[in-house]
Amino acid sequence: MFEDEIYTPLAEKLRPQKLEDFVGQAEVLHVIKRMIEGNKLPSMIFFGAPGTGKTTLAKIFSNTLDAEFVKINAALSGVAELRGIVKNAELQRKINRRTILFIDEIHRFNKSQQDFLLPYVEDGRLTLIGATTENPFFEINGALLSRVKIIRLDKLTVDDIKKILQRAISLEKIFDVEERALDIISDFADGDARIALNLLEQLNFEGGVTVENLRKIWGERLRKYDKSGDVHYDTASAFIKSMRGSDADAAIFYLAKMIDGGEDLKFIARRIVICASEDVGNADPQALILANAAAQAVQFVGLPEARIILAQAVTYIAGAPKSNAAYLAIDAALADVKNYRDVDDVPTHLKDTHYKGSKFFGHGKGYKYPHDFDGHFVKQDYLPKNFRDKRYYQPTCNGYEERIKNYLNRCWNR
């Protein structure tokens with residue numbers, strides 16, 4: 001009779017042990033590689049979303065530099081445990097071996113616990129590697145922050161996740177795999193390698209990595225919103241068109257559909273910001289300010305409260321007067337600029353006068369300073385000679401843009 005093997009989740013089993021096996025975070029890896037090659041390991045805090053490689057990189061440091069690796073969770077550990085770790089670190093130091101103390105969820109340490117670490121981090125008895133999903137500048141006290149290097153880990157890309165899945169499939173010899181299923185998993189994981197590998201393992205237990213098995217696991221959720229398929233793009237398209245069309249109810253419906261389907265909040269926020277400028281524009285300049293504030297707020301707050309912030313922005317933009325005049329203006333100007341290559345087309349009176357010798361070339365001669373005239377305006381030529389009669393920006397009579405239109409018409413007698 002054989003003893004049962006201890007079950008190890010696939011995500012843990014396939015955790016990279018060497019830097020070469022790590023996928024993603026190219027810029028961070030470049031920095032880490034230099035640290036390892038120079039055998040210089042400062043205390044640091046890895047800041048990033050779940051599943052981006054914080055624990056893995058800490059273990060790679062330990063393996064590569066042959067260090068004592070101690071992992072604790074800040075939510076479960078206290079000063080008494082830290083004292084024991086320090087005592088063992090002092091013994092390791094006597095045999096010229098460093099101790100890496102990896103603290104998961106370090107933002108959960110209170111001030112006294114963080115302060116306890118200070119002298120040992122400062123004198124090198126402990127090399128601290130903290131991991132947090134929260135902004136360390138908000139959650140870690142200043143004294144500890146001043147003694148560590150902050151390294152931000154970005155969410156893994158869809159391509160990164162897919163490479164990790166393909167590596168797992170190869171190493172685990174998983175044969176029944178549909179490419180479409182891999183694409184859906186890679187997108188659904190939202191940058192979290194652990195979620196992707198756990199799902200891959202679950203599908204393998206179901207008998208194959210197939211779309212049909214995904215439907216069994218996810219049920220209605222996959223059918224109603226597949227982030228990798230047509231439904232994803234159709235929903236996003238309907239969302240934007242509903243805001244553009246001033247249908248607040250439809251816009252809210254599609255927003256709800258995307259949130260329920262697990263859409264990336266940043267993707268939704270970007271669509272709102274674009275719509276605020278492209279479709280509302282100067283008819284209500286406040287729309288872009290609100291949309292941009294919402295985009296920043298949802299990243300700071302996260303779900304579930306982020307749904308309220310997004311809903312506020314969406315209903316405001318749907319209910320705002322509309323104008324695409326600025327959008328049409330820049331595209332028309334870009335088309336002209338691409339087809340016209342005169343590099344010295346700036347009128348002489350508008351050219352820079354702040355360098356020695358500019359007067360010799362006549363730069364600035366004849367320029368009229370608008371603030372010296374009534375109404376802070378004076379007629380003069382601003383466009384290059386070949387474009388004097390062009391009108392790119394043609395404001396509408398909607399909302400605030402009507403005021404802009406009236407002002408420009410008064411100035412230029414249009």
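Suppose the filter is farther than 30 Å from residue 118 by Cβ and free of Cβ contacts under 8 Å to residues at least 24 places away in the same chain; does residue 188 pass it?
Working: farther than 30 Å from residue 118 by Cβ: yes; free of Cβ contacts under 8 Å to residues at least 24 places away in the same chain: no.
No: the conditions fail for residue 188.
Just one of 334, 350 is in the same structural domain as residue 367 (by TED's automatic domain parsing), crowded, with 16+ Cβ neighbours inside 10 Å and either without any contact (Cβ under 8 Å) to a residue 40 or more places away in the chain or not β-branched (Val, Ile, Thr) (or both); which is it? Lay out the reasoning, then the answer.
Numbers: 334 fails: crowded, with 16+ Cβ neighbours inside 10 Å.
350 is the lone residue from the list that is in the same structural domain as residue 367 (by TED's automatic domain parsing), crowded, with 16+ Cβ neighbours inside 10 Å and either without any contact (Cβ under 8 Å) to a residue 40 or more places away in the chain or not β-branched (Val, Ile, Thr) (or both).
Applying the selection to segment 200-215, what residues are surrounded by 23 or more Cβ atoms within 10 Å (Cβ to Cβ) and within 11 Å of residue 168 (Cβ to Cβ)?
Selection gives 200, 209.
Pick from 256, 283, 293: which is at pLDDT 90 or above and closer than 29 Å to residue 183 by Cα? Even if it seems obvious, please write down each step before you answer.
Working: 283 fails: closer than 29 Å to residue 183 by Cα; 293 fails: closer than 29 Å to residue 183 by Cα.
Just a single option satisfies the conditions, and that option is 256.
Does residue 315 count as of a type in the set (S, T, N, Q), under 30 Å from residue 251 (Cα atoms) and not in a loop (DSSP other than H, G, I, E, B)? Step through it out loud before you land on a result.
Numbers: of a type in the set (S, T, N, Q): yes; under 30 Å from residue 251 (Cα atoms): yes; not in a loop (DSSP other than H, G, I, E, B): yes.
So residue 315 fits the description; yes.
Any residue in segment 15-31 that is outside the structural domain of residue 62 (by TED's automatic domain parsing) sitting within a Cβ distance under 6 Å of a residue that is among the polar types (S, T, N, Q) and buried (at least 17 other Cβ atoms within 10 Å of the Cβ)? List the pairs, counting only those 6 or more apart or interchain.
Here the result reads 15/56; 16/56, each pair linking segment 15-31 to a residue that is among the polar types (S, T, N, Q) and buried (at least 17 other Cβ atoms within 10 Å of the Cβ).
Of 64, 55, which residue is β-branched (Val, Ile, Thr), surrounded by fewer than 20 Cβ atoms within 10 Å (Cβ to Cβ) and under 30 Å from residue 187 (Cβ atoms)?
Details: 64 fails: under 30 Å from residue 187 (Cβ atoms).
Step by step, each of 64, 55 is checked, and only 55 is β-branched (Val, Ile, Thr), surrounded by fewer than 20 Cβ atoms within 10 Å (Cβ to Cβ) and under 30 Å from residue 187 (Cβ atoms).
Which residue out of 130, 191 is in a strand (DSSP E or B) and either at pLDDT 85 or above or at positive phi (or both)?
On the way: 191 fails: in a strand (DSSP E or B).
Going through 130, 191 in turn, the sole match is 130.
Being basic (Lys, Arg), at pLDDT below 85 and closer than 29 Å to residue 281 by Cα, is that true of even one residue in segment 338-351?
Going residue by residue through segment 338-351, those that are basic (Lys, Arg) are 338, 341, 351.
Restricting the remaining residues to those that are at pLDDT below 85 gives 338, 341, 351.
Narrowing further to those that are closer than 29 Å to residue 281 by Cα: 338.
Yes, that holds for at least one residue.
For residue 114, state whether it is over 21 Å from residue 16 (Cα atoms), modelled with pLDDT under 90, touching a Ser or Thr at 6+ places or on another chain (Cβ under 8 Å) and among the polar types (S, T, N, Q). Even if it seems obvious, please write down each step before you answer.
On the way: over 21 Å from residue 16 (Cα atoms): yes; modelled with pLDDT under 90: yes; touching a Ser or Thr at 6+ places or on another chain (Cβ under 8 Å): no; among the polar types (S, T, N, Q): yes.
Judged against the criteria, residue 114 is not a match.
The values are calculated or read from the model by the stated rules, or taken from the named source; none is laboratory data. Computed from a prediction, not measured in an experiment: that's the story for all the values here. Counting neighbours? That spans all protein chains shown, and the Cβs are built from the backbone with ideal geometry, glycine included.
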